[in-house]
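These notes concern the structure reproduced below.
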Amino acid sequence: MLTLLTTLAIIGIQEKNKSPLDRFLETYNLDGMNLKNVIQTLEATAAEAEGFNASITGSHLILSDQDESYEIELPAGEFYLSIAPYINQTHPCSNHNLVTCRGEMKSETFHVIITDLDTNEVVIDANYESTPQGFFGLWLEQNKNYQIVINYDGMTQTETLFTSKESNTCLTTMQLA
C-alpha cells in the first residue's frame, strides 16, 4: 500500500511540475518530441484535433486551440520551408499552416535540388515524398538565397527564395510543366 501511495505522490509531483506548454503538447500527443519532430508529425497528420491550430513563420512554431496559444522559437539559424508543387490547382499561402494547408499532389515523390546561390553549392539533391496533405517540408539555413528545382514525372519547375525570419514558409507557386 505504501508503494502505491508513493508512486501516486511521485506522479502527482511530476504532473504539478509540468509547464503549461508541456501539458498542452500532451493534450495533442506531441509531448516528448523535440521541435523538429513536432513539426514533422504535424506536417504528416491528416486528422487534426477539433480547434487545434499549428502554423509556422520564419522564426516560430505557433500552436493554439480555443484556450491557449504558444509561440516556440525555431532553432537559431534554421528555416523551415513547406512546399506543395502542383499541376492544376493551388492556393495562396505565406506562413504555412501545418494543420489546414492542403496541396494537390498527395503522397507523390519529387526530386528536389536546392542550390545556395551565393556559393553555387548544391545543399540538397534528394527525393522527397509529399504527405497525404500534399506538402513536404525541409530545413534550410536562414538568411540565404536559394534556387529550388523540383522534378516530377518529366516535369520541372524552378524558383528562387531568400530565407529570413520574415520570409514565407509556404511555397505553393511551383507549377510543374
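The values are calculated or read from the model by the stated rules, or taken from the named source; none is laboratory data. The structure displayed is predicted, hence computed values, not measured ones. Cβ coordinates were reconstructed from backbone atoms using ideal geometry, including for glycine residues, and neighbour counts include every protein chain displayed.
Miscellaneous remarks
- Contact map, region 139-152: residues that are free of Cβ contacts under 8 Å to residues at least 40 places away in the same chain and aliphatic (A, V, I, L, M) paired with residues that are in a strand (DSSP E or B) and surrounded by fewer than 15 Cβ atoms within 10 Å (Cβ to Cβ), Cβ distance under 6 Å, separation 6+ or inter-chain. Pairs shown: Val149/Thr158.
- Failed item in (1) more than 11 Å from the chain's Cα centre (by Cα); (2) assigned to a strand (DSSP E or B); (3) under 27 Å from Thr160 (Cβ atoms); (4) of a type in the set (Ser, Thr, Tyr), with Tyr80 passing the rest: (1)
- Under the condition of being touching a residue at least 60 places away in the same chain (Cβ under 8 Å) and more than 15 Å from Leu138 (Cα to Cα), the residues counted in region 47-62 number 0.
- Selection within region 128-177 - part of a loop (DSSP other than H, G, I, E, B), within 15 Å of Ala84 (Cα to Cα) and within 20 Å of the chain's Cα centre (by Cα): Ser130, Thr131, Pro132, Gln133, Gly134, Phe135, Asn168, Thr169, Thr172, Thr173, Met174
- Tyr70 in a strand (DSSP E or B), closer than 19 Å to Glu48 by Cα and touching a helix residue (DSSP H, G or I) at 6+ places or on another chain (Cβ under 8 Å): yes
- Gly77 vs. criteria at pLDDT 95 or above, of a type outside the set (A, V, I, L, M, F, W, C) and on the phi > 0 side of the Ramachandran plot: yes
- Complete set of residues in region 31-67 that are of a type in the set (A, V, I, L, M) and out of contact with any helix residue (DSSP H, G or I) (no Cβ under 9 Å at 6 or more places or on another chain): Leu35, Ile39, Leu42, Ala44, Ala46, Ala47, Ile62
- The set of residues in region 16-46 being surrounded by fewer than 11 Cβ atoms within 10 Å (Cβ to Cβ), touching a residue at least 24 places away in the same chain (Cβ under 8 Å) and not in a helix (DSSP H, G or I) consists of Ala46 alone.
- Any hit, region 101-124, residues being over 18 Å from the mean Cα position of the chain (by Cα), over 18 Å from Lys36 (Cβ atoms), of a type in the set (Asp, Glu) and not in a loop (DSSP other than H, G, I, E, B): yes
- For the criterion of being within 17 Å of Met174 (Cα to Cα), touching a residue at least 40 places away in the same chain (Cβ under 8 Å) and touching a Leu at 6+ places or on another chain (Cβ under 9 Å), Phe110 passes.
- If you go through region 72-94 and keep only what is surrounded by 12 or more Cβ atoms within 10 Å (Cβ to Cβ) and among the charged types (D, E, K, R), you end up with just Glu78.
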